[in-house]
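Asks: First the structure, then my questions, so here it is.
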Protein chains: 2
Amino acid sequence: MEIDYTNIKVIGFDADDTLWVNETYFRDAELEFAKLLAPYETVNKIDQELLKRQIENLPLYGYGIKGFILSMVEIALELSNNSISNTTVEAILNIGKDMLNKPVDLLEGVEKVLYELSKDYRLIVVTKGDLLDQERKLEKSGLLDYFHHIEILSDKQEKNYSKLLNHLDIKPSEFLMIGNSLKSDILPLVNIKAHAIHIPFHTTWIHEQIVTNTYDSKKYKIMTSLLDVLPLLNKNPKT
Amino acid sequence: MEIDYTNIKVIGFDADDTLWVNETYFRDAELEFAKLLAPYETVNKIDQELLKRQIENLPLYGYGIKGFILSMVEIALELSNNSISNTTVEAILNIGKDMLNKPVDLLEGVEKVLYELSKDYRLIVVTKGDLLDQERKLEKSGLLDYFHHIEILSDKQEKNYSKLLNHLDIKPSEFLMIGNSLKSDILPLVNIKAHAIHIPFHTTWIHEQIVTNTYDSKKYKIMTSLLDVLPLLNKNPKT
């Protein structure tokens, strides 16, 4: 059975790696970090330890660049057996500052899609992570005018989405979420009977990866580009 | 002329140092930090440099503990001329982790006041800072059920408040803000013609301090305890 999108009133967009590049900057930062620690460990070990520490620190630091920097400093101290130089600590802090100052690089078709969909739907951003980081990126993106509402969550679980729909005063069947993370943008929505379209980014953080074949992919669509959603959601196909 | 509170429908509460202790933990952390750096500089110089760096880093790191930790590490490297030991860096990170794990210590009368006012008003929290930190403190506080809405802002300027009132669909004259910071909780509200009650905490971060005598204190009230607001706002004085 085809999914019916005719009831949809509000479309939520994830931000990082859905509207603009994000994960790529983390991968670049990890490479730089591994170079700094090259005297002490293999790249592979450094990557593994940093990932493990980030996940351990999530309940305390949350998502975002500042927690990432702090985790890098912790791992540098540990993997070097407390023999890292002060200049290396400084270099790690600078990796973080460079990340915070990165330009916002929009993904293909984002402006066209927002422009078209904003004619027929209320568009919102639903992102997780650091409040200031996400606000800064939205400002830099030049996309703010397309959105009726910006929701920045500390995590994207079913309960967070249910609360949001309640707050927006809409039914799950009237809401469509578009995002790159199956775990954060798609499955929680499917579970609360809202709609979701998955547009994978070429890189996904391992913590966001999930085994998919236990889920019924008939309940949501997968597309390769944001531009593919237009024919599906265009209410005036002739215009 | 007496201020007229009869139109008020929604009351906003600042969180840190209005509902619970916060600034005290920062002061304690600064003392610990100064002890770690005692071999290099006087307490006074360390305090001054840390404050300066925090303010410089605000646009990048925002308010909150993670940015505070990162600023402490930067200052430790600088004041020691890059000669600080790895164990000191570790100790600084641990000061931060201890802060994040602190219990939530409610201020005098908070529960009574929220209980009473929730009978006649919609109560909301309007706080700034780190999203995860603030959510965690609200959870720990046990106060969540009193609030219709939680708004965590990256900054508390007039435009942030105007947007919030717009979003809540209420007029400035229907909103009262209660908080400890003249700069963040009181003056922006007075300027947009909403109501505000100032309840100073015994400690205020220098960055939040402001010269008050240029402002007309007839436009807002100052009280010494949250409990003092009850007689003013109680709609059923006999019950």
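The values are calculated or read from the model by the stated rules, or taken from the named source; none is laboratory data. Here the structure is a predicted model, which means the values were calculated and not measured. Cβ: placed from backbone, ideal geometry, glycine included. Neighbour counts: every protein chain shown. Keep in mind that these areas ignore ligands, DNA and RNA; they rest on the heavy atoms of the full protein, side chains included. Shrake-Rupley method; radii C 1.70, N 1.55, O 1.52, S 1.80 Å.
Asks: Give me the residue from the range B:34-54 that is among the hydrophobic types (A, V, I, L, M, F, W, C) and not in a helix (DSSP H, G or I) and, out of that set, surrounded by the most Cβ atoms within 10 Å (Cβ to Cβ). Full working, then the answer.
Replies: Within the range B:34-54, the subset among the hydrophobic types (A, V, I, L, M, F, W, C) is B:34, B:36-38, B:43, B:46, B:50-51.
Still in the list and also not in a helix (DSSP H, G or I): B:37-38.
Details: B:Leu37: 22, B:Ala38: 11.
For the range B:34-54, the residue satisfying everything is B:Leu37.
Asks: Taking the range A:79-91, which residues are at the interface with chain B (Cβ under 9 Å from one of its Cβ atoms) and either part of a helix (DSSP H, G or I) or touching a Cys at 6+ places or on another chain (Cβ under 9 Å) (or both)?
Replies: A:Asn86, A:Thr87, A:Val89, A:Glu90 - these are the residues of the range A:79-91 that are at the interface with chain B (Cβ under 9 Å from one of its Cβ atoms) and either part of a helix (DSSP H, G or I) or touching a Cys at 6+ places or on another chain (Cβ under 9 Å) (or both).
Asks: Got a sec? Which of B:Asn81, B:Asn57, B:Asn94 is out of contact with any Lys or Arg (no Cβ under 6 Å at 6 or more places or on another chain), under 16 Å from A:Gly67 (Cβ atoms) and open to solvent by 70 Å² or more (accessible area, probe 1.4 Å)?
Replies: B:Asn94
Asks: Identify all residues within the range A:39-52 that are over 15 Å from A:Ile84 (Cβ atoms) and free of Cβ contacts under 8 Å to residues at least 60 places away in the same chain; write none if there are none.
Replies: Those that are over 15 Å from A:Ile84 (Cβ atoms) and free of Cβ contacts under 8 Å to residues at least 60 places away in the same chain: A:Thr42, A:Val43, A:Asn44, A:Lys45, A:Asp47, A:Gln48, A:Lys52.
Asks: In a helix (DSSP H, G or I), open to solvent by 40 Å² or more (accessible area, probe 1.4 Å) and modelled with pLDDT under 95, is that true of B:Glu111? Reasoning before the result, please.
Replies: Values: in a helix (DSSP H, G or I): yes; open to solvent by 40 Å² or more (accessible area, probe 1.4 Å): yes; modelled with pLDDT under 95: no.
Taking the combined requirement at face value, the residue does not satisfy it.
Asks: Kindly check whether there is at least one residue in the range B:102-110 that is within 14 Å of another protein chain (Cβ to nearest Cβ) and free of Cβ contacts under 8 Å to residues at least 12 places away in the same chain. It would help to see each step written out before you state the result.
Replies: Here is the first cut: in the range B:102-110, the residues within 14 Å of another protein chain (Cβ to nearest Cβ) are B:102.
Next cut, free of Cβ contacts under 8 Å to residues at least 12 places away in the same chain only: none.
Among the residues of the range B:102-110, not one is within 14 Å of another protein chain (Cβ to nearest Cβ) and free of Cβ contacts under 8 Å to residues at least 12 places away in the same chain, which makes the answer no.
Asks: Counting only residues that are touching a residue at least 12 places away in the same chain (Cβ under 8 Å) and out of contact with any His (no Cβ under 8 Å at 6 or more places or on another chain), how many does the range B:120-135 have?
Replies: The number of residues fulfilling the criteria is 11.
Asks: Could you say which residue among A:Ser154, A:Ser141, A:Ser184 is in contact (Cβ under 8 Å) with a residue 12 or more places away in the chain and more than 26 Å from A:Asn57 (Cβ to Cβ)?
Replies: Working: A:Ser154 fails: more than 26 Å from A:Asn57 (Cβ to Cβ); A:Ser184 fails: more than 26 Å from A:Asn57 (Cβ to Cβ).
Answer to the selection: A:Ser141.
Asks: Taking the conditions exactly as written (touching a residue at least 24 places away in the same chain (Cβ under 8 Å), part of a helix (DSSP H, G or I) and under 30 Å from B:Glu158 (Cα atoms)), does B:Leu70 satisfy them or not?
Replies: Spelling it out, it is not the case that B:Leu70 is touching a residue at least 24 places away in the same chain (Cβ under 8 Å), part of a helix (DSSP H, G or I) and under 30 Å from B:Glu158 (Cα atoms).
Asks: Could I ask something else about it? B:Val113 fails exactly one of the following numbered conditions: (1) within 11 Å of another protein chain (Cβ to nearest Cβ); (2) farther than 28 Å from A:Asn160 by Cβ; (3) in contact with a Leu (Cβ under 7 Å, 6 or more places away or on another chain); (4) aliphatic (A, V, I, L, M). What is the number of that condition?
Replies: (1)
Asks: Something else now. Could you tell me whether B:Lys140 is open to solvent by 40 Å² or more (accessible area, probe 1.4 Å) and over 29 Å from B:Asn101 (Cα atoms)?
Replies: It is false that B:Lys140 is open to solvent by 40 Å² or more (accessible area, probe 1.4 Å) and over 29 Å from B:Asn101 (Cα atoms).
Asks: I'd like the full set of residues that are at pLDDT below 90, within 19 Å of the chain's Cα centre (by Cα), not in a helix (DSSP H, G or I) and not hydroxyl-bearing (Ser, Thr, Tyr), limited to the range B:202-239.
Replies: Once the filter is applied, which keeps residues that are at pLDDT below 90, within 19 Å of the chain's Cα centre (by Cα), not in a helix (DSSP H, G or I) and not hydroxyl-bearing (Ser, Thr, Tyr), the range B:202-239 yields B:His202, B:Trp205, B:Gln209, B:Ile210, B:Val211.
Asks: While we're on this one: Given the conditions (1) in contact (Cβ under 8 Å) with a residue 40 or more places away in the chain; (2) open to solvent by 10 Å² or more (accessible area, probe 1.4 Å); (3) part of a loop (DSSP other than H, G, I, E, B), which single one is not true for A:Tyr25?
Replies: In the conditions (1) in contact (Cβ under 8 Å) with a residue 40 or more places away in the chain; (2) open to solvent by 10 Å² or more (accessible area, probe 1.4 Å); (3) part of a loop (DSSP other than H, G, I, E, B), A:Tyr25 misses (3) alone.
Asks: Same structure, new question: I'd like to check something: does the range A:7-16 contain any residue that is under 21 Å from A:Asn180 (Cα atoms), charged (D, E, K, R), under 19 Å from the mean Cα position of the chain (by Cα) and in the same structural domain as A:Glu108 (by TED's automatic domain parsing)?
Replies: Within the range A:7-16, one or more residues are under 21 Å from A:Asn180 (Cα atoms), charged (D, E, K, R), under 19 Å from the mean Cα position of the chain (by Cα) and in the same structural domain as A:Glu108 (by TED's automatic domain parsing).
Results for (1) of a type outside the set (D, E, K, R); (2) buried (at least 16 other Cβ atoms within 10 Å of the Cβ); (3) not in a loop (DSSP other than H, G, I, E, B), shown as yes or no for each residue.
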| position | (1), (2), (3) |
| --- | --- |
| A:Leu123 | yes, yes, yes |
| A:Glu135 | no, yes, yes |
| A:Asp145 | no, no, yes |
| A:Ile152 | yes, yes, yes |
| A:Lys159 | no, no, yes |
| A:Lys163 | no, no, yes |
| A:Asn166 | yes, no, yes |
| A:Ile170 | yes, yes, no |
| A:Ile178 | yes, yes, yes |
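Asks: With respect to B:Leu70, determine if the residue is closer than 17 Å to B:Lys183 by Cβ and open to solvent by less than 40 Å² (accessible area, probe 1.4 Å).
Replies: For B:Leu70, the condition - closer than 17 Å to B:Lys183 by Cβ and open to solvent by less than 40 Å² (accessible area, probe 1.4 Å) - is not met.
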